[in-house]
Amino acid sequence: TQLLEQSPQFLSIQEGENLTVYCNSSSVFSSLQWYRQEPGEGPVLLVTVVTGGEVKKLKRLTFQFGDARKDSSLHITAAQPGDTGLYLCAGGIQGAQKLVFGQGTRLTINP
Amino acid sequence: EPEVTQTPSHQVTQMGQEVILRCVPISNHLYFYWYRQILGQKVEFLVSFYNNEISEKSEIFDDQFSVERPDGSNFTLKIRSTKLEDSAMYFCASLPQAGYGYTFGSGTRLTVV
């Protein structure tokens with residue numbers, strides 16, 4: 001059974017600080033997706049990474065897929081209160097049409 | 001931007017009753033999914049549907065569950081005899097082809113009493 005562990009589960013920092021959220025597994029994934037989920041809503045896709053070592057940037061957010069495709073990180077530069085939310089990583093399983101989700105990181109950015 | 005639409009947004013049902021959760025995926029998408037999220041827990045895969053048939057299902061998706069795409073636009077999840085532990089948010093998702101990111105609907109909050 002493939003598992004994804006996110007850390008930290010909760011993070012509260014001040015506006016303007018930088019942060020990194022990690023998503024780790026002992027399994028290899030064909031892709032790694034990051035979502036943001038607001039209360040009472042479905043996950044909204046932020047990015048998909050598919051190649052080991054791949055780095056993608058979305059404004060102040062930088063996503064990296066590990067070389068071995070077992071882990072990923074989300075780095076936010078100069079965090080803003082609007083970044084507050086639940087961030088989920090999800091791994092695509094080779095040959096299967098499904099995602100395995102991490103438990104999420106609840107991020108709070110204080111003004 | 002195209003959306004996945006789910007109805008109802010909330011459903012309360014008595015234990016043992018049948019419920020049908022409805023989804024309208026994005027029109028040119030080919031792969032359809034149901035996931036669920038019990039309060040405070042991870043998002044869990046239930047079933048994937050492609051080419052008018054189930055392509056994969058999880059252990060959760062037992063004989064009480066079924067899916068249909070009756071008319072080429074709607075995608076439904078039926079729970080035949082609901083249990084208390086079926087209470088969760090149910091999310092429909094679709095994607096245009098394998099390997100792309102999913103578009104999720106806003107979910108149906110199912111409460112079994």
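The values are calculated or read from the model by the stated rules, or taken from the named source; none is laboratory data. The model shown is predicted, which means the values in this text are computed figures rather than measured ones. So basically every Cβ, Gly included, is an ideal-geometry build from the backbone, and we count neighbours across all protein chains shown.
Would you call residue B:50 closer than 24 Å to residue A:40 by Cα and within 13 Å of chain A (Cβ to nearest Cβ)? Spell out how you get there, then give the answer.
Details: closer than 24 Å to residue A:40 by Cα: no; within 13 Å of chain A (Cβ to nearest Cβ): yes.
When the stated conditions are applied, residue B:50 does not pass them.
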### Summary
residue B:41 fails exactly one of (1) surrounded by fewer than 18 Cβ atoms within 10 Å (Cβ to Cβ); (2) at positive phi, namely (2)
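Kindly indicate which of B:35, B:90 is surrounded by 16 or more Cβ atoms within 10 Å (Cβ to Cβ), within 17 Å of residue A:44 (Cα to Cα), modelled with pLDDT of 95 or more and in contact with a Ser or Thr (Cβ under 7 Å, 6 or more places away or on another chain).
Sole residue among the options that is surrounded by 16 or more Cβ atoms within 10 Å (Cβ to Cβ), within 17 Å of residue A:44 (Cα to Cα), modelled with pLDDT of 95 or more and in contact with a Ser or Thr (Cβ under 7 Å, 6 or more places away or on another chain): B:90.
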### Query
Considering only region A:9-40, how many residues are within 14 Å of chain B (Cβ to nearest Cβ), among the aromatic types (Phe, Trp, Tyr) and within 19 Å of residue A:77 (Cα to Cα)?
3
## Note on the structure
Checking A:91, A:104 in turn, the sole residue that is at positive phi, out of contact with any Gly (no Cβ under 7 Å at 6 or more places or on another chain), buried (at least 20 other Cβ atoms within 10 Å of the Cβ) and not aromatic (Phe, Trp, Tyr) turns out to be A:104
### Which numbered condition residue B:63 fails, given (1) over 11 Å from the mean Cα position of the chain (by Cα); (2) in a strand (DSSP E or B)
(2)
### Message
Please go through region A:83-103 and give me each residue that is outside any strand (DSSP E or B) and either among the polar types (S, T, N, Q) or within 12 Å of chain B (Cβ to nearest Cβ) (or both), ordered by number.
### Response
A:84, A:93, A:94, A:95, A:96, A:97, A:98, A:102, A:103
### Message
Please go through (1) assigned to a loop (DSSP other than H, G, I, E, B); (2) surrounded by fewer than 19 Cβ atoms within 10 Å (Cβ to Cβ) for residue A:20 and return the number of the only condition it doesn't satisfy.
### Response
(1)
#### Entry: All positions within region A:44-82 that are touching a Lys or Arg at 6+ places or on another chain (Cβ under 7 Å) and outside any strand (DSSP E or B)
A:52, A:77, A:78
